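A.B. asks: I'd like to ask you about the structure that follows.
The values are calculated or read from the model by the stated rules, or taken from the named source; none is laboratory data. On a predicted model such as this, the values are computed, not experimentally measured, just so you know. FYI the Cβ positions are ideal-geometry reconstructions off the backbone, even for glycines, and counts take in every protein chain you see. Each accessible area value is taken on the protein alone, full model and side chains, heavy atoms only, with ligands, DNA and RNA left out. Shrake-Rupley method; radii C 1.70, N 1.55, O 1.52, S 1.80 Å.
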Amino acid sequence: MSDEQAGKPETKRDRVRRLLIRPLTDWGFRKPGNMRQERFDKFLTDLADDLSYMRDDKLEELRAALKFRGEGKDRRGWPAMATIAPLAEAAQRRPLEELPELVRWFRSAAGAEALAENRLVAEFRFWEWYKRPPLTEADRRAVRDKARSIDSDYRSKADRERRGVASEDDRQWLAWHRRTEVRVMALVSQEQEVAP
């Protein structure tokens, strides 16, 4: 009897187990031979927690991709997290808000500088895509160019909206921009961590 049949709501962890872990185990994936059972159990729990942000259809896509990534001599061992994470990211990008080690940048002086220079949304998109800051001059130039493009698009679409002639695409883009701006501003405005 499933949890839902027993009246208990399915947790996010249980959903990942149902859509990804159990089907791959039934497919033939097993504990890698060089891993102790306790460590393997923790791996599966961490995997379920780490992938709980994914939608059902994206978990199914990931499951299909992982079927061919078994490890070990017989290719039946569960793949390492280093194999799973990029495939999961390709299927559905993990929200930055769930990665505190990356979010710290937005609360730093660099985040305040990006806000002052009106490139915060472009920086956020870069981080969301690459999961790292723009490190090279080419990266920084691309972010500045994208920021100018976003600003120009925002001004023209907002003007059309103000005049009552905005298209559906304009309204959708403006809604995306406003949602993204709210997300980024929430990261920037979070209270600075106090250094010990």
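A.B. asks: Name the one entry in Ala147, Ala122, Ala158 that is surrounded by fewer than 17 Cβ atoms within 10 Å (Cβ to Cβ) and on the phi < 0 side of the Ramachandran plot.
C.D. replies: Ala158
A.B. asks: Looking at Ala112, is it of a type outside the set (Phe, Trp, Tyr), surrounded by 15 or more Cβ atoms within 10 Å (Cβ to Cβ), outside the structural domain of Pro86 (by the TED database) and over 20 Å from the mean Cα position of the chain (by Cα)?
C.D. replies: no
A.B. asks: State which residue pairs qualify: first residue under 25 Å from Glu128 (Cβ atoms) and assigned by the TED database to the domain that holds Lys146 and inside segment 159-180, second residue among the aromatic types (Phe, Trp, Tyr) and part of a helix (DSSP H, G or I) in any location, beta carbons under 9 Å apart, and separation of 6 or more residues or different chains.
C.D. replies: Trp173/Tyr154; Leu174/Tyr154; His177/Tyr154; Thr180/Phe124
A.B. asks: When you look at Asp169, is it charged (D, E, K, R) and either open to solvent by less than 80 Å² (accessible area, probe 1.4 Å) or in a loop (DSSP other than H, G, I, E, B) (or both), yes or no?
C.D. replies: no
A.B. asks: Taking segment 58-103 as the region of interest, how many residues are farther than 16 Å from Arg183 by Cβ, open to solvent by 70 Å² or more (accessible area, probe 1.4 Å) and not in a loop (DSSP other than H, G, I, E, B)?
C.D. replies: Looking only at that region, the number is 6.
A.B. asks: What do you reckon, is Glu4 open to solvent by 50 Å² or more (accessible area, probe 1.4 Å), modelled with pLDDT under 95, touching an Asp or Glu at 6+ places or on another chain (Cβ under 9 Å) and not assigned by the TED database to the domain that holds Lys131?
C.D. replies: So Glu4 passes the test.
A.B. asks: Looking at segment 9-57, which of the residues that are touching a strand residue (DSSP E or B) at 6+ places or on another chain (Cβ under 9 Å) and farther than 13 Å from Met81 by Cβ is surrounded by the most Cβ atoms within 10 Å (Cβ to Cβ)?
C.D. replies: Only one residue fits best here, namely Phe29.
A.B. asks: Right, something else. Take segment 116-149 and flag every residue that is in a helix (DSSP H, G or I), more than 22 Å from the chain's Cα centre (by Cα) and not small (Gly, Ala, Ser).
C.D. replies: Matches in segment 116-149: Glu137, Arg141, Arg144, Asp145, Arg148.
A.B. asks: Here is a follow-up. Can Ala110 be described as of a type outside the set (S, T, N, Q), touching a residue at least 12 places away in the same chain (Cβ under 8 Å) and assigned to a helix (DSSP H, G or I)?
C.D. replies: yes
A.B. asks: Same structure, new question: Got a number for residues in segment 85-107 being over 13 Å from Met54 (Cα atoms) and over 11 Å from the mean Cα position of the chain (by Cα)?
C.D. replies: Residues meeting the conditions: 8.
A.B. asks: Within segment 125-138, track down each residue that is more than 26 Å from Arg155 (Cβ to Cβ) and open to solvent by 90 Å² or more (accessible area, probe 1.4 Å).
C.D. replies: Answer for segment 125-138, where residues must be more than 26 Å from Arg155 (Cβ to Cβ) and open to solvent by 90 Å² or more (accessible area, probe 1.4 Å): Tyr130, Leu135.
A.B. asks: Within segment 173-196, take every residue that is open to solvent by 50 Å² or more (accessible area, probe 1.4 Å) and over 21 Å from the mean Cα position of the chain (by Cα) and give me the one that is modelled with the highest pLDDT.
C.D. replies: Out of the qualifying residues, it is Glu191.
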